[in-house]
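What follows is a single structure, written as structure tokens, with notes after it.
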Amino acid sequence: QVQFVESGGGLVQPGGSLRLSCAASGSIINIATMGWYRQAPAKQRELVARITGRGATNYADSVKGRFIISRENTKNMVYLQMNSLQAEDTAVYYCHFVPINRSSWGQGTQVTVSS
């Protein structure tokens, strides 16, 4: 199973930026579609951005134009650049395959947007 370790979260003011990183074990992610998911309190986990093995990207409407997903296959890394952050972006962020498979979820990284 692939394991994921997310990092880069924190407390940021509205309008600020953060860059999340996801380190994955196993080179299979180099050809797999990867995604960033988030789960806010009392809400279901949602997919906010995805990137194919060839680099094609897709975003949820709520983050389109503000978030940028990227990957570095040689390092088994996936990133999420988050700009113009809003309070509604507060959540725990996770990376995983798209679609989700049996690999375990990482611990996630908390993003809190607050003044």
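The values are calculated or read from the model by the stated rules, or taken from the named source; none is laboratory data. Since the structure is predicted, the reported quantities are computational estimates derived from the model, not experimental observations. Cβ coordinates were reconstructed from backbone atoms using ideal geometry, including for glycine residues, and neighbour counts include every protein chain displayed. Please note that ligands, DNA and RNA were not included when accessible areas were found on the heavy atoms of the full protein model with its side chains. Shrake-Rupley method; radii C 1.70, N 1.55, O 1.52, S 1.80 Å.
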Query raised in the report: In the stretch 25-67, what residues are in contact with a strand residue (DSSP E or B) (Cβ under 7 Å, 6 or more places away or on another chain), hydrophobic (A, V, I, L, M, F, W, C) and more than 16 Å from residue 97 (Cβ to Cβ)?
Result: 40, 60, 63, 67
**Report entry** Of all residues making up the stretch 85-113, the number that are open to solvent by 10 Å² or more (accessible area, probe 1.4 Å), under 13 Å from residue 2 (Cα atoms) and assigned to a strand (DSSP E or B)
**Finding:** 1
